[in-house]
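I have placed the structure first, in the form of structure tokens, so that the comments after it can refer back to it.
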Amino acid sequence: MADEDVVLLDFWPSPFGMRVRIALAEKEIKYEYKEEDLRNKTDLLLKMNPIHKKIPVLIHNGKPVCESLVQVQYIDEIWPHKSPLLPTDPYQRAIARFWGDFVDKKIYGLESGKVWTTKGEEQEAAKKEFIECLKLLEGELGNKAYFGGENLGYVDVVLVPFYSWFYAYEKCGNFSIETECPKLIAWAKRCMEKDSVSKSLPDQDKIYDYVLHLKKVFGIE
Amino acid sequence: MAEEVVLLDFWPSPFGMRSRIALAEKGIKYEHKEEDLRNKSALLLQMNPVHKKIPVLIHNGKPVCESLIQVQYIDEVWHDKAPLLPSDPYQKATARFWADYVDKKIYEVGGRVWKTKGEKQATAKKELIETLKLLEKELGDKPYFGGESLGYVDVAFIPFYSWFYALEKCGNFSIEAECPKLIAWAKRCMQKESVAKSLPDQQKVYDFILEMKKHFGIE
């Protein structure tokens with residue numbers, strides 16, 4: 001196997017970046033992690049992702065792959081022998097992709113951000129919808145150890161980064177996610193027992209400090 | 001091989017058109033069921049309880065939701081005919097990136113072109129043309145985004161061509177004047193039966209948009 005040159009342009013609190021970190025760790029791929037300052041993006045980032053100018057960017061042997069879900073699938077296809085993330089059956093794959101898309105639309109979407117960016121009635125509505133979406137995911141998990149079954153799979157990799165933001169959400173929204181969705185928290189803690197996950201997610205306190213900082217910067221109380 | 005394929009759809013939906021094209025490319029016989037979105041069928045609500053949206057592809061009784069997921073599913077199940085995604089992982093990633101770009105940009109920006117007026121509309125038109133020009137650049141000199149034959153990005157994007165006339169009328173501009181290569185590509189796609197039979201008439205889409213504008217009180 002020839003030397004692979006893998007670089008990840010990333011930003012430490014980004015759940016999108018965390019997805020790629022987990023996938024690379026699961027496949028035991030050595031890579032160079034480059035932290036970006038999003039207020040001062042590097043030439044490399046702007047060259048490798050001219051369309052969106054966003055992180056994460058995965059650069060494999062000099063060629064960029066952008067968008068975290070595209071990157072996770074790419075990693076899974078390039079290094080198929082270790083820790084397969086997507087199932088082989090087309091219908092199971094479609095289900096996994098559906099829930100990955102659901103997480104992107106509903107958990108990472110604009111509406112869920114309102115849990116920490118708004119107050120009062122708007123915040124209450126956002127909290128309610130957020131919990132409803134988590135409950136739907138809990139339903140999909142069922143009695144499985146992971147969304148991927150016996151092992152970490154695509155949906156696990158796509159969703160678990162958000163666990164690092166739960167504490168910040170709970171503090172800002174004054175509610176307990178564990179009370180509402182105990183099975184999901186149990187699943188998240190199970191994921192965190194894996195090195196690939198625990199080493200890819202930042203500390204929840206650090207995320208909370210970051211969110212407080214963002215609120216100050218954007219003038220949100 | 002007895003396969004039962006049903007598509008719950010809504011005729012002007014570009015998302016539904018994607019699945020129609022993919023099924024046609026593969027030569028798959030299916031039952032097309034038109035939904036009334038103001039009165040969704042029990043079947044739709046049962047098959048897509050999470051989003052309650054069309055299109056829904058039902059294969060041997062099992063639902064697949066979200067158009068790009070359906071297209072990939074169709075491509076994987078019926079992999080022997082008209083492959084849509086490349087086999088090389090890097091090219092696959094590139095195709096998925098551009099289909100995602102179409103999803104993120106065209107529908108929302110296009111929507112603003114017909115839903116707004118004045119400055120907001122001018123901004124939307126500018127953004128739409130910028131977006132289309134980027135896609136034109138990605139196409140380059142290839143006959144299709146997929147190269148010599150229709151591919152994933154072609155299938156993801158061509159449905160929006162059926163909405164171009166409506167957007168041009170509402171926005172009072174010409175997409176062809178700004179993006180001639182893209183329109184040439186679209187017409188090339190329309191020469192294929194799988195595309196021509198899956199896209200509604202542009203005038204019908206325009207009439208539909210006018211009705212929506214009236215309904216939502218947009219002038």
Restricting attention to region A:98-156, which trypsin sites (Lys or Arg not before Pro) occupy a DSSP loop and are surrounded by at most 14 other Cβ atoms within 10 Å?
A:K119, A:K144
Starting from the exponent 0.38 and prefactor 2.2 Å, build the expected Rg for the protein assembly as shown from its residue count and divide its actual Cα Rg by it.
1.00
Probe of 1.4 angstrom, ligands and nucleic acids ignored: what's the accessible area per residue over region A:90-218, in square angstrom?
47 Å²
Gain in length, A:H81 to A:L136, computed as 0.36 nm per residue apart minus the alpha-carbon separation, to one decimal in nm?
16.7 nm
Potential extension, A:D104-A:Q92 segment - 0.36 nm per residue separation minus Cα distance
2.5 nm
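Ignoring ligands, DNA and RNA, what percent of the accessible area of region B:89-216 is carbon or sulfur (1.4 Å)?
It is 50 percent, rounded to a whole number.
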Give me the one-decimal nm value for the distance between modelled label points at B:L43 and B:K137, 7 Å along each residue's Cα-to-Cβ direction.
4.5 nm
Links that overshoot a 25 Å alpha carbon limit, given the list A:K144/A:K194; B:K120/B:K197; A:K30/A:K135; B:K26/B:K181:
B:K120/B:K197; A:K30/A:K135; B:K26/B:K181
Spatial separation of Cα centroids for region A:25-42 and region B:82-156, in angstrom:
28 Å
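Can you figure out the FRET efficiency of B:N172 with A:M192, using R₀ = 45 Å and their beta-carbon distance, to the nearest 0.05?
Numbers: r = 56 Å, r/R0 = 1.24.
Efficiency at R0 = 45 Å is approximately 0.20.
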Counting only backbone N atoms under 11 Å from a point 7 Å out along Cα-to-Cβ of A:L44, the residues of region A:7-36 in range are A:7-10, A:32-36
Quick one: if you stick a label point 7 Å off each Cα along the C-beta vector at A:E221 and B:K204, how many nm between them?
5.4 nm
Test item: A:54-61 mean partner chain Cβ contacts at 10 Å
1
Sorted on mean Cβ neighbours within 10 Å (highest first), peptides B:56-65, A:40-49, B:156-165, A:151-160 come out as A:151-160, B:156-165, B:56-65, A:40-49
Using only the Cα atoms of region B:5-77, what are the Rg and Dmax in Å?
11.1, 33
How do the peptides B:206-219, A:7-20 rank, highest first, by the average count of neighbouring beta carbon atoms within 10 Å per residue?
A:7-20, B:206-219
Partner shielding of B:94-100, taken as the mean number of other chain Cβ atoms within 10 Å, equals 5
Based only on Cα atoms, what mean projected area does the convex hull of region A:1-158 have, in nm²?
10.7 nm²
Trypsin sites (Lys or Arg not before Pro) restricted to DSSP loop in region B:68-167 with at most 14 other C-beta within 10 Å
B:K81, B:K117
Please compute the modelled spin-label separation between A:T179 and B:Y107, points set 7 Å along Cα→Cβ, answer in nm with one decimal.
3.6 nm
Under a GNM of chain B (C-alpha, springs under 10 Å), which listed residue has the highest mean-square fluctuation: B:Q46, B:Q121, B:Q203?
B:Q46
Farthest toward positive dipole pole in chain A [+1 Lys/Arg, -1 Asp/Glu at C-beta], among A:V115, A:L159, A:F98
A:V115
Summed buried accessible surface, chains B and A, 1.4 Å probe, nearest 100 Å²
2200 Å²
Within a 10 angstrom radius of each residue's Cβ in A:87-99, how many Cβ atoms of other chains show up on average? Whole number is fine.
5
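The values are calculated or read from the model by the stated rules, or taken from the named source; none is laboratory data. Predicted model, so just to flag it, every value in this text is computed and none were measured. So basically every Cβ, Gly included, is an ideal-geometry build from the backbone, and we count neighbours across all protein chains shown. The accessibility values were calculated without ligands, DNA or RNA, using every heavy atom of the protein model including side chains. Shrake-Rupley method; radii C 1.70, N 1.55, O 1.52, S 1.80 Å.
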